[in-house]
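Let me begin by presenting the structure, written as structure tokens, before commenting on it.
The values are calculated or read from the model by the stated rules, or taken from the named source; none is laboratory data. Remember, predicted model here, so these are calculated numbers, not experimental data. So basically every Cβ, Gly included, is an ideal-geometry build from the backbone, and we count neighbours across all protein chains shown. Surface accessibility is based on the protein's heavy atoms, side chains included, excluding ligands, DNA and RNA. Shrake-Rupley method; radii C 1.70, N 1.55, O 1.52, S 1.80 Å.
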Amino acid sequence: MTTLTTAGGCPALDGPDARTAPATQVTAQGAAWLASASAHPGETLAAWEARPASPAVLPCGTAFDVVNVPLVVGRRMLDLLWERGPGSGPAAVHRGRMLLFAAPGTAQRLPALLAWEEWGPGAPAPLCHGHGDAVTVPPLAGAPGPSRWLVAPDTRLPWLPGPDSLLWAFLHAVRGPVSIFGSAETDASVYDVSRRR
């Protein structure tokens, strides 16, 4: 397995829970975590060691769920999660889509949260892969190409965002920041009602 390398430029939080920059290479511990999702982790690891440049298909719902979004939206979500949020879990690009690895149960909860936000059926929504689904993960050997890790698994117990963090990032990535006061560029009149009786 390859060793951990990191990408610079990600701001850190203050205090003991400070984030580190995202890993760009899958480590042996990260591979073990991925393999733990399969029914036969030892066989999965052996297959990866024999063919580290091959992608693999893994089931969702036990070790992780996956939120699958268009690449542009996913890139914005990752930027938001690292710049203004808690960071992200592993994330990959596969066939022009972004795969954001999430806490188990996210695939079931996120659509309900989007419905609560009145996300219409005509608007593109993230595809959520949970229990009973499977996803193709990129090769462990990092190489440029259509299937690659952007935030590689680097630990046996990676932090995974839940539905609330991913909802926030998705809505901000698609809609932009929302203010209850509206845009400063509108022609609407603003009245001071604080002194009215």
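Among the residues of the range 38-55 satisfying the criterion of being touching a Ser or Thr at 6+ places or on another chain (Cβ under 6 Å) and not in a helix (DSSP H, G or I), which is most open to solvent (accessible area, probe 1.4 Å)?
Step one: of the range 38-55, the residues touching a Ser or Thr at 6+ places or on another chain (Cβ under 6 Å) are 38, 44, 55.
Now restrict to residues that are not in a helix (DSSP H, G or I): 38, 55.
Working: S38: 20, P55: 75 Å².
So, considering only residues that are touching a Ser or Thr at 6+ places or on another chain (Cβ under 6 Å) and not in a helix (DSSP H, G or I), the one most open to solvent (accessible area, probe 1.4 Å) is P55.
Which one is modelled with the highest pLDDT, of the residues in the range 39-73 that are more than 15 Å from Q29 (Cα to Cα) and among the hydroxyl-bearing types (S, T, Y)? If you could, list the steps in order and put the result at the bottom.
The initial filter retains those residues of the range 39-73 that are more than 15 Å from Q29 (Cα to Cα), namely 39-40, 43, 47, 50-51, 53-62, 64-73.
Of the ones still in play, those that are also among the hydroxyl-bearing types (S, T, Y) are 54, 62.
Details: S54: 88, T62: 96.
Result: T62.
Condition first: farther than 17 Å from A37 by Cβ and in a loop (DSSP other than H, G, I, E, B). Now tell me which residues in the range 125-158 satisfy that.
Matches in the range 125-158: A125, P126, A141, G142, A143, P144, G145, P146.
Where residues in the range 127-147 are closer than 25 Å to G85 by Cβ and of a type in the set (A, V, I, L, M), which of them is most open to solvent (accessible area, probe 1.4 Å)?
Among them, the one singled out is L127.
Please tell me if L150 is crowded, with 17+ Cβ neighbours inside 10 Å and touching a helix residue (DSSP H, G or I) at 6+ places or on another chain (Cβ under 6 Å).
Values: crowded, with 17+ Cβ neighbours inside 10 Å: yes; touching a helix residue (DSSP H, G or I) at 6+ places or on another chain (Cβ under 6 Å): no.
No: the conditions fail for L150.
Taking into account only those residues within the range 159-170 that are modelled with pLDDT of 95 or more and in a loop (DSSP other than H, G, I, E, B), which is least open to solvent (accessible area, probe 1.4 Å)?
Step by step, filter the range 159-170, then rank; the result is P161.
From the list G89, G61, exactly one residue is touching a His at 6+ places or on another chain (Cβ under 7 Å) and of a type in the set (G, A, S). Which is it?
Working: G89 fails: touching a His at 6+ places or on another chain (Cβ under 7 Å).
Checking each option against the conditions leaves just G61.
Identify, please: which residue in the range 56-90 is aliphatic (A, V, I, L, M) and farther than 17 Å from V174 by Cβ and is, among those, most open to solvent (accessible area, probe 1.4 Å)? Quick ask: steps written out before the conclusion?
Narrowing the range 56-90 to residues aliphatic (A, V, I, L, M): 56-58, 63, 66-67, 69, 71-73, 77-78, 80-81.
In the following step, the residues that additionally are farther than 17 Å from V174 by Cβ were identified as 56-58, 63, 66.
Values: A56: 18, V57: 103, L58: 2, A63: 20, V66: 0 Å².
The qualifying residue most open to solvent (accessible area, probe 1.4 Å) is V57.
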